[in-house]
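The values are calculated or read from the model by the stated rules, or taken from the named source; none is laboratory data. Please read these numbers as outputs of a predicted model, since none were measured by experiment. Cβ placement follows ideal geometry from the backbone for every residue including glycine, while neighbour counts extend to all protein chains displayed. Ligands, DNA and RNA are stripped out before the accessible areas are found, and what is left, the full protein with its side chains, is counted by its heavy atoms. Shrake-Rupley method; radii C 1.70, N 1.55, O 1.52, S 1.80 Å.
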Amino acid sequence: NINWPIAVHSYSSSMISFNPSNFFSLCNFCLDFWICFLLCLSWYACVCSLNITQCTLFSQCSVFGEDSHSRSLWVIPRATARDVCHLLVQTAHCSDQENWALIELHSALGLERVLEDHEVVVEVQAAWPSESDTKLLFRKNYAKYEFFRTPVLFFPKHMISDSADVTKGMTSAELIQNLLQSGTCPEIQGFLHVREPSRKAWKKVYFFLRRSGLYCSTKGSSKEPRHLQYVADLEDLNVYSITNSRKLYGAPVDFTFCIKPSKDRIRAQDLKLLCAENEQTRTCWTSAFRLFKYGRQLHCNYQLSQSAPRLQEVVSQRCESEASLVAMDFSGKAGGRVIQNAWEAQSAEKEEGQAWRRREALRCSLPNLTPGSRPSSIHRTQLWFHGGVSRKQAQRLIEEQGLVDGMFLIRESQQHAQCFVLSLCYKLKTKHYLVIPCEEGGRKYYTMDDGLTLFIDLLQLVEFHQINKGILPVCLKHPCVCVAL
């Protein structure tokens with residue numbers, strides 16, 4: 001029976017003064033605090049869920065350039081090697097987007113292979129050992145689909161089986177066409193050195209590659225079923241080339257490759273090491289493994305690479321077949337005429353080469369030269385110039401980017417002062433041509449034919465030989481370049 005205002009008045013007068021407005025302000029403050037707390041809590045939960053979603057929808061992929069620097073990318077789980085290459089071309093600001101590839105490299109074992117464009121990168125990485133030096137490299141590879149263009153170079157006749165079936169007498173071009181159209185293929189056969197299991201010795205064995213798998217003969221080159229031994233299934237293996245195989249595995253020659261199951265983790269004891277007599281034989285076997293395993297899928301990859309948009313039309317025009325070029329004579333008043341006589345065309349080519357030195361350009365006016373620099377030093381800004389690399393390193397660079405006709409680089413000579421060397425690939429071999437400086441009329445020139453044809457700098461030399469063979473066996477087509485990520 002206490003009167004509320006009196007009780008409150010008596011309590012506040014003895015203890016503290018009470019203001020109803022302060023009470024309601026405190027309640028509003030507490031309410032606002034809890035609302036903010038709940039908002040922050042919900043925001044944190046959203047961020048965590050986004051991170052979880054990102055980890056679920058994307059995978060991290062690290063790719064190394066040829067300068068040993070890496071770039072990390074977030075890719076979807078089903079991203080293919082083609083997708084990653086296109087992404088790297090954009091992020092690395094490459095001058096062109098053709099002929100790039102991802103290379104699976106196992107440094108300790110000396111193994112490397114080019115990932116097919118349709119292979120899923122995350123699945124490839126899942127087969128790697130947890131603690132290893134395995135990595136992906138991003139670099140040029142001109143030979144990935146070269147056997148579709150020049151099958152004769154990749155599949156010599158003596159390695160195509162002439163067994164008594166529908167494929168008897170089949171040429172290299174017919175081999176590919178028959179495989180793509182009907183799915184049937186002949187045998188690839190030949191002797192290979194094989195390293196015996198748990199031993200360092202190598203033994204020469206006759207092998208047969210069929211669509212059903214790889215077989216070897218236990219008695220010479222006999223094809224009788226009782227002499228055939230099953231080695232591996234094409235559907236469940238990958239083919240790797242081996243670098244420095246003599247030192248690592250005691251191979252008789254350097255043309256070594258190996259096969260292993262694609263889903264098993266790589267271990268040295270699981271490798272099937274094979275060694276060919278020369279580069280053409282090794283290329284035939286490794287190309288046949290790819291073609292027999294993937295077939296039409298490989299041809300689809302090739303067609304997609306051909307239909308990709310080109311950033312440099314000039315480069316694509318220079319890479320056209322030399323058969324599409326004709327000799328023309330523009331000396332008359334009635335316009336140009338096609339030179340049909342072979343001797344006359346050869347004479348015109350020689351005259352053009354001798355007259356090339358008269359058409360000198362002022363290289364100093366080019367924008368990529370710094371003030372005060374000499375015109376002859378413009379080669380240092382070009383992608384095909386590799387400085388003071390050795391002969392062995394130059395051959396290794398060309399081999400890594402694919403042994404195709406016309407691939408080249410220029411380097412400084414280690415044996416001749418102030419000279420350069422043009423390293424050129426032709427028929428799966430690397431040839432080297434000495435570029436010598438000389439003077440005429442008080443001016444410095446470069447020549448490869450004892451002064452018959454002179455060039456004011458190396459850039460002019462390269463541009464000339466991109467459209468004229470000169471003393472070379474083939475025109476310069478593909479520059480050997482190194483990209484930094």
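Here are the numbers for the structure shown:
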| quantity | calculated |
| --- | --- |
| Some residue of segment 411-427 being at pLDDT 90 or above, more than 25 Å from the chain's Cα centre (by Cα) and of a type in the set (Val, Ile, Thr) | no |
| Subset of segment 415-441 (residues that are open to solvent by less than 80 Å² (accessible area, probe 1.4 Å), free of Cβ contacts under 8 Å to residues at least 40 places away in the same chain and part of a loop (DSSP other than H, G, I, E, B)) | Cys419 |
| Qualifying residue in segment 92-114 (condition: within 17 Å of Gln60 (Cβ to Cβ) and over 15 Å from the mean Cα position of the chain (by Cα)) | no |
| The listed residue being touching a His at 6+ places or on another chain (Cβ under 9 Å) and of a type in the set (Ser, Thr, Tyr), out of Thr134, Thr91 | Thr134 |
| Any hit, segment 245-254, residues being under 20 Å from the mean Cα position of the chain (by Cα) and at pLDDT 90 or above | no |
| Answer residue from segment 202-212, given it is modelled with pLDDT of 90 or more and not basic (Lys, Arg) and is surrounded by the most Cβ atoms within 10 Å (Cβ to Cβ) among those | Leu209 |
| Qualifying positions in segment 73-90 - of a type in the set (Lys, Arg) and surrounded by fewer than 17 Cβ atoms within 10 Å (Cβ to Cβ) | Arg78 |
| Contacts under 7 angstrom Cβ, first residue in segment 128-149 being within 11 Å of Leu403 (Cα to Cα), partner open to solvent by 40 Å² or more (accessible area, probe 1.4 Å) and aliphatic (A, V, I, L, M), 6 or more apart | Asn141/Val114; Lys144/Val114 |
| Qualifying residue in segment 4-20 (condition: out of contact with any Pro (no Cβ under 6 Å at 6 or more places or on another chain) and at pLDDT 55 or above) | yes |
| Enumeration of residues in segment 392-410 that are outside any loop (DSSP other than H, G, I, E, B) and either at pLDDT 95 or above or surrounded by 16 or more Cβ atoms within 10 Å (Cβ to Cβ) (or both) | Ala394, Gln395, Leu397, Ile398, Glu399, Glu400, Met407, Phe408, Leu409, Ile410 |
| Number of the condition not met by Leu102 [criteria: (1) open to solvent by less than 30 Å² (accessible area, probe 1.4 Å); (2) in the same structural domain as Asp236 (by the TED database); (3) not aromatic (Phe, Trp, Tyr)] | (2) |
| Subset of segment 227-244 [modelled with pLDDT of 90 or more and open to solvent by 50 Å² or more (accessible area, probe 1.4 Å)] | Gln229, Tyr230 |
| Residue match in segment 82-92 (condition: under 22 Å from Asn301 (Cα atoms), among the basic types (Lys, Arg) and at pLDDT 90 or above) | yes |
| Among residues of segment 228-257, those that are of a type in the set (Val, Ile, Thr), touching a His at 6+ places or on another chain (Cβ under 9 Å) and closer than 21 Å to Phe208 by Cβ, counted | 1 |
| So Gly388, is it surrounded by fewer than 20 Cβ atoms within 10 Å (Cβ to Cβ), part of a loop (DSSP other than H, G, I, E, B), in contact with a Cys (Cβ under 8 Å, 6 or more places away or on another chain) and not charged (D, E, K, R) | no |
| Breaking point among (1) among the aliphatic types (A, V, I, L, M); (2) modelled with pLDDT under 55; (3) open to solvent by 70 Å² or more (accessible area, probe 1.4 Å), for Ile35 | (2) |
| Test for Ser221: is it assigned to a loop (DSSP other than H, G, I, E, B), surrounded by 12 or more Cβ atoms within 10 Å (Cβ to Cβ) and touching a strand residue (DSSP E or B) at 6+ places or on another chain (Cβ under 8 Å) | yes |
| Members of segment 153-173 found to be modelled with pLDDT of 75 or more and either in a helix (DSSP H, G or I) or more than 22 Å from Asn278 (Cα to Cα) (or both), listed by number | Leu153, Phe154, Lys157, His158, Met159, Ala173 |
